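Read-outs: derived from the displayed coordinates by stated rules, not from any lab. Since the structure is predicted, the reported quantities are computational estimates derived from the model, not experimental observations. Here the Cβ positions follow ideal geometry from the backbone for every residue, glycine too, while neighbour counts run over all protein chains shown.
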Amino acid sequence: MSIAERKGRDRADRERRIAAAARAIAESEGWSAVTIRRLAEEIEYSQPVLYSHFENRDAIVTAVATEGFRDLASALRQAAQGSTGRRTARANVASAYLVFAREHPALYEAMFTMPTGLRFAEADAGPELKDAFAALAAVIDSSPDVAEVMTETFWATLHGLAQLEHAGRIRQSARDERLRLVVLALGER
């Protein structure tokens, strides 16, 4: 292995450690506790080292969010596996999406509400975003000409439900009925 390869691997490892530390702090104390100074102390590197990897805190949030989309795609694919039919797969994916949002509130916040450089529905969207979208699209029944819009609608609906549940604005007791209606509304076309 060359020195350049080792340095590259070391750099990638530091970036993963920085993002993991940010995610852990955010999940336990909220994003307001995530500062460059705090991260530097947490991973035992100087602040200039962190800035050599990430331009600012928003760039770190972007790295965490990107990892979150990778995790979300994996959770959605796993939920769909073994389902008998698309309707069941869609129900399992919808439920897994809401569980993911509930179990990882700080990560979900980074993915959808905090400033990041991530853009959806664009040619240069990152592979993690495309993969999460594809995991949702895989359970949608529609003709190719409306599949993308149907998937966006599914995602928007699940996101809205996740946000409303997190804020305590809708009854938890009606979750299953809401999901049943979403699955039926986006059924076979």
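Quick one: grab the alpha carbon gyration tensor of the range 1-54, order the square roots of its eigenvalues as a ≥ b ≥ c, and give me rounded if a/c is under 1.5, else prolate or oblate depending on whether a/b is larger than b/c. Spell out each step's value before the answer.
Numbers: a/c = 3.41, a/b = 2.16, b/c = 1.58.
Since a/c reaches 1.5 and a/b is larger than b/c, the shape of the range 1-54 is classed as prolate.
Based on the alpha-carbon gyration tensor of the range 16-99 and its eigenvalue square roots a ≥ b ≥ c, which shape applies: rounded if a/c is under 1.5, prolate if not and a/b is larger than b/c, or oblate? Display every interim value, and only then the final one.
On the way: a/c = 3.92, a/b = 3.03, b/c = 1.29.
Here the range 16-99 falls in the prolate category.
Quick one: if you take sqrt(5λ) for each eigenvalue of the C-alpha gyration tensor of the range 126-189, what semi-axes come out, biggest first, whole angstrom?
Details: eigenvalues 107, 49, 12 Å².
Working through the eigenvalues yields semi-axes of 23, 16, 8 Å.
When N counts the residues of the chain, how does its alpha-carbon radius of gyration compare numerically with 2.2 N^0.38 Å, as a ratio? Please report the intermediate quantities before stating the final value.
On the way: Rg = 18.7 Å, N = 189, 2.2 N^0.38 = 16.1 Å.
Compared with the compact-globule rule of thumb, the chain sits at 1.16.
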Label-point gap, in nm, between SER74 and SER32 - each point 7 angstrom along Cα→Cβ: 3.1
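Size of the dipole of the range 41-189 about the Cα centre, Lys and Arg at +1 and Asp and Glu at -1 on the beta carbon, nothing else charged, in debye to 20? Could you put the intermediate results ahead of the total?
Values: 15 positive and 21 negative charges, 173 e Å.
With only Lys, Arg, Asp and Glu charged at Cβ, the dipole is about 840 debye.
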Which value at 222 nm does the chain reach when only helices count, each DSSP H run of 4 or more adding -39,500 (n - 2.57), with the total divided by all residues and rounded to the nearest 500 deg cm²/dmol? -23000 deg cm²/dmol
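Could you tell me the relative contact order of the chain? Use alpha-carbon pairs under 8 Å, at least six residues apart, and round to a whole percent.
Details: 179 pairs, mean separation 40.7, N = 189.
Computed value for the chain: 22 percent relative contact order.
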Quick one: if you stick a label point 7 Å off each Cα along the C-beta vector at ARG16 and ALA4, how many nm between them? 2.2
The farthest towards the positive end of the charge dipole of the range 57-185, of the residues GLN172, VAL149, ALA59, given +1 on Cβ of Lys and Arg and -1 on Cβ of Asp and Glu, is GLN172
Set the Förster distance to 35 Å, then compute FRET efficiency between ALA24 and ASP124 from the Cβ-Cβ distance, nearest 0.05. 0.75
Could you calculate the contour length gain from SER95 to THR153, that is, 0.36 nm times the residue separation minus the distance between their Cα atoms, to one decimal place in nm? 19.3 nm
